[in-house]
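Notes for the one structure printed next.
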Amino acid sequence: MTNLELQKTANEVRKGIVTSVHSAKAGHPGGSLSAADMFTYLYFEEMNIDPKNPKWEDRDRFVLSKGHTAPGLYSALANRGYFPVEDLKTLRKLGSYLQGHPCMQETPGVDMSSGSLGQGISAAVGMALAAKLDKKDFRVYTLLGDGEIQEGQVWEASMFAGANKLDNLVVIVDNNGLQIDGRVEDVCSVYPIDAKFEAFNFQAINIDGHNFDEIRAAFKKAKETKGKPTAIIMHTVKGKGVSFMEDNAGWHGKAPNDEEYATAMADLDKIAAELEKAGEV
Amino acid sequence: MADVKKIATRESYGNALVACAEDFPELVVLDADLAGATKTGTFKKAYPDRHIDCGIAECNMTGIAAGLATCGKIPFISSFAMFAAGRNFEQVRNSIGYPHLNVKIGATHAGITVGEDGATHQCNEDIALMRTIPGMTVIVPSDDIEAKAAVRAALEMDGPVYLRFGRAAVPVINDNADYKFEIGKGVVLKEGADVSIIATGICVEGAMGAAEMLKADGIDAEVINIHTIKPLDEELVVATAKKTRKVFTVEEHSVIGGLGSAVCDVLSEKDPTKVTKIGVYDRFGESGPAAALVEKYGLDSKGIYAKIKENM
Ligand SMILES: Cc1ncc(C[n+]2csc(CCOP(=O)(O)OP(=O)(O)O)c2C)c(N)n1
Ligand SMILES: [Mg+2]
């Protein structure tokens, strides 16, 4: 896909996020929107997958370690054809296959259940290890929050991945700067992030998580690097794309009301129109 | 019913911490990036110097609390029940339980009334986990008044205490002049001769409703609120069993290891009686509105009533 196509798709993914959380009257828009470009790149460009055959055993895997941002993953999966986009509106409803946090038995395309922070990365390490044990080529991707990396388990997993030279593993940290209680540096600073991963024998790459050239280059470098796992620290804006949610901790885990929903969709429609125009030039 | 006051016990918890701050100068509150949801934010606002945010690192928070307690502080650690009891279990057991340190655990968002967040966040196992730790006191308040009294009582005693609070607003039911909270003492809310309904936490209200419905059928139910699961009020449990010979337990928790099991443990030894456990039947929760889940899992008055009728 071209960058413009990716941008347009990411904008659709953002609409799905806002629509599903609005419909659920609960959920986590902020961290879903900050990672929307990453979800889009992974599912539309990077990963070797088949939406018609979600359990294909040689597929690349993705573990959403920051499971609360399930609306972002669900929207990417729906837009990629795993299930109808219309179903995003059933998010968090009684009986829906779109649970509040990812459930691998319920949702096509979800490779691992998650929601308790710090645990998904270990499962991703296990998948990468399985590929090595079975001499398979599939790659494993996992997405963590910058608050999430305060969990000690993240570093236990990282130590293991580095020690075992799991070069088929990419750990992505969404550095949107915010967790629930405020800015990550105020709550319990996680910085420096890149040097920490380097100390655990990772290759660390810093990128702008809203720039598809940088995302593309980082994954290319990860694939070319042998003998160590890669950490991509992506600098993002929490709530990206919806003006009133941007860089605002208050929109971590809150649904927009009807009026706010209309404003949010208008913001995204405007971006869509601008992207259309850019395409005509 | 519209004018019944409703308040979530997590809210009561936050308010109680503030209310106790002056009387207990050694009280400090530890939090793991959930100050808003657990309502410890209320305390943080009033006493910023005595609130410590440990970040998203519950196990480390538990160890820090243990260290603080060895130096004379009275730490209240706070998170969702899933993490406070679940993720932390071994830290609580070995760093707080074994050395019998004076740490209090304020666990909010217990049970299925977490609602939309779904199974990963709905802890139906915490009572079971905490009850197995020697020397641990386990309290499950049923409303605002009981929750506040429990926080104070926990601070007044020496030793580890686990307090279980809910996310959803619940009616105030203990608003009467005679109400007195004492750790380890159950409360008889209604005397009766035909069946005993022993409930805890948010299920106490449902049990009272079920008793009303049973009355219409000519069944006289005794309703007991057990706010302290451990140490359990064995005397009261045995006495009500002797009286009615039909015991029902009700809890927003797995039927494995919770109140029902605690009651069975006592009765099987002291006065074997048939006990029907009403709770979450060995399954995970799911996403949905809290009230809809309570109904689906049969923990509202109607569900409790139906289960009792079925097992009379
Ligand atoms: C073990 C655990 N503790 C606490 C929570 C509650 N919780 C959900 S999201 C969140 C904050 C996450 O912040 P961050 O990792 O920065 O995510 P993002 O900003 O990308 O949304 C917390 C504390 C949880 N889900 N799991
Ligand atoms: Mg963050």
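Any read-out appearing in this document is the output of simple, stated calculations on the displayed coordinates, not a laboratory observation. Predicted, not measured: the structure shown is a model, and the values here were computed from it. Because the Cβ atoms are built from the backbone with ideal geometry, glycine has one as well, and the counts that use them run over all protein chains shown.
I'm checking a number: the convex hull volume of the Cα atoms of the range B:6-171, normalised per residue, in Å³. What is it? Show your work: numbers first, answer last.
Details: hull volume 15.7 nm³, N = 166.
It comes to 94 Å³ per residue, whole-number rounded.
Hey, fewest Cβ within 10 Å first, where do B:M130, A:M127 land in order?
If I rank by nearby Cβ atoms, fewest first, I get A:M127, B:M130.
What translational diffusion coefficient, in µm²/s and rounded to a whole number, does the Stokes-Einstein relation yield for the range A:1-76 at 25 °C and a viscosity of 0.890 mPa s, taking the hydrodynamic radius as the Kirkwood radius over Cα pairs?
190 µm²/s
In the range A:3-280, with Lys and Arg counted as +1 and Asp and Glu as -1 at Cβ, which of these residues, A:G95, A:A131, A:M47, has the Cα nearest the positive end of the dipole, that is, farthest along it?
Selected residue: A:A131.
Given the range B:145-192, what whole percent of its Cα pairs are spread farther than 16 Å?
In whole percent, the share of Cα-Cα pairs in the range B:145-192 beyond 16 Å is 49.
Send over the per residue convex hull volume for the range A:1-149, Cα only, as a whole number of Å³.
103 Å³
Please report the Cα spread of the range A:3-280 along all three principal axes, rounded to whole Å, starting with the longest.
51, 44, 44
Taking R0 as 56 Å, what's the FRET efficiency between B:K185 and A:T2 from their Cβ-Cβ distance, rounded to 0.05?
After rounding, the FRET efficiency stands at 0.20.
Report ³J(HN,Hα) in whole Hz for each residue of the range B:66-73, in order, from the Karplus equation J = 6.51 cos²θ - 1.76 cosθ + 1.60 where θ = phi - 60°; Gly and Pro get x.
Per-residue couplings from phi come out as 4, x, 4, 5, 5, 9, x, 6 Hz.
Rounded to two decimal places and with Rh computed the Kirkwood way over Cα pairs, what is Rg over Rh for chain B?
Radius of gyration over Kirkwood radius for chain B works out to 0.96.
Can you tell me the relative contact order of the range A:70-148? Whole percent, Cα pairs under 8 Å, sequence separation 6 or more.
RCO, the range A:70-148: 17 percent.
When the chain is fully extended, how far beyond the present Cα-Cα distance does B:R283 get from B:R245, taking 0.36 nm per residue of separation?
The B:R283-B:R245 span can extend by a further 10.8 nm.
Positive end of the dipole of chain B, charges at C-beta (+1 Lys, Arg; -1 Asp, Glu), about the Cα centre: which of B:T113, B:G257, B:T38 has its Cα farthest in that direction?
Toward the positive end, the furthest listed residue is B:G257.
For the range B:6-171, calculate the relative contact order in percent as a whole number, restricting contacts to Cα pairs under 8 Å that are 6 or more residues apart.
On the way: 353 pairs, mean separation 47.8, N = 166.
Over the range B:6-171, the number comes to 29 percent.
Quote the charge dipole size of the range B:45-119 about the Cα centre in Debye, to the nearest 20; the model charges only the Cβ of Lys and Arg (+1) and of Asp and Glu (-1).
Its charge dipole is roughly 300 debye.
Under unit Cβ charges (Lys, Arg +1; Asp, Glu -1), what dipole magnitude, rounded to 20 debye, does the range A:1-68 have relative to its Cα centre?
Charge dipole, the range A:1-68, about its Cα centre: 400 debye, nearest 20.
Taking the alpha-carbon set of the range B:187-310, what are its Rg and Dmax in Å?
13.5, 41
What pairs in A:K55/A:K135; B:K215/B:K309; B:K190/B:K309; B:K5/B:K148; B:K104/B:K270 have C-alpha atoms more than 22 Å from each other?
Over 22 Å Cα-Cα: B:K104/B:K270.
Counting only DSSP beta bridges with both residues in chain A, what percent are antiparallel, rounded to the nearest 5?
Roughly 5 percent of the beta bridges in chain A run antiparallel, per DSSP.
Between B:T70 and B:A19, what FRET efficiency follows from the Cβ-Cβ distance if R0 is 45 Å, with the result rounded to 0.05?
On the way: r = 26 Å, r/R0 = 0.59.
Using R0 = 45 Å, I get an efficiency of 0.95.
Rounded to the nearest 20 Debye, what is the dipole magnitude of chain A about its Cα centre when Lys and Arg each give +1 and Asp and Glu each give -1 at the C-beta?
740 debye
Quick one: of the DSSP bridges fully inside chain B, what percent are antiparallel, nearest 5?
15 percent
Quick one: pull the percentage of alpha-carbon pairs in the range A:156-281 with a separation above 25 Å.
Percentage above 25 Å: 42.
Amide H neighbours of B:T108 under 5 Å, counting only residues 5+ apart in sequence or on other chains, H built in-plane at 1.01 Å?
For B:T108, whose amide H was placed from the backbone, the distant partners under 5 Å are B:S79, B:F80, B:A81, B:F165.
Select from A:A10, B:N102, A:V281 the residue farthest towards the positive end of the dipole of the protein assembly as shown; place +1 on Cβ of Lys and Arg, -1 on Cβ of Asp and Glu, and compute about the Cα centre.
The one lying farthest along the dipole's positive direction is B:N102.
When the expected Rg is taken as 2.2 N^0.38 Å, what fraction or multiple of it is the alpha-carbon Rg of the protein assembly as shown?
1.02
For the range B:48-107, build the convex hull from the C-alpha positions and give me its volume per residue in Å³.
On the way: hull volume 4.2 nm³, N = 60.
For the range B:48-107, the hull spanned by Cα atoms encloses 70 Å³ per residue.
Rounded to the nearest 0.05, what FRET efficiency is calculated for A:S189 and B:E156 with R0 set to 56 Å and r the Cβ-Cβ distance?
0.95
Can you tell me the relative contact order of chain B? Whole percent, Cα pairs under 8 Å, sequence separation 6 or more.
Numbers: 719 pairs, mean separation 55.1, N = 312.
The normalised contact order for chain B reaches 18 percent.
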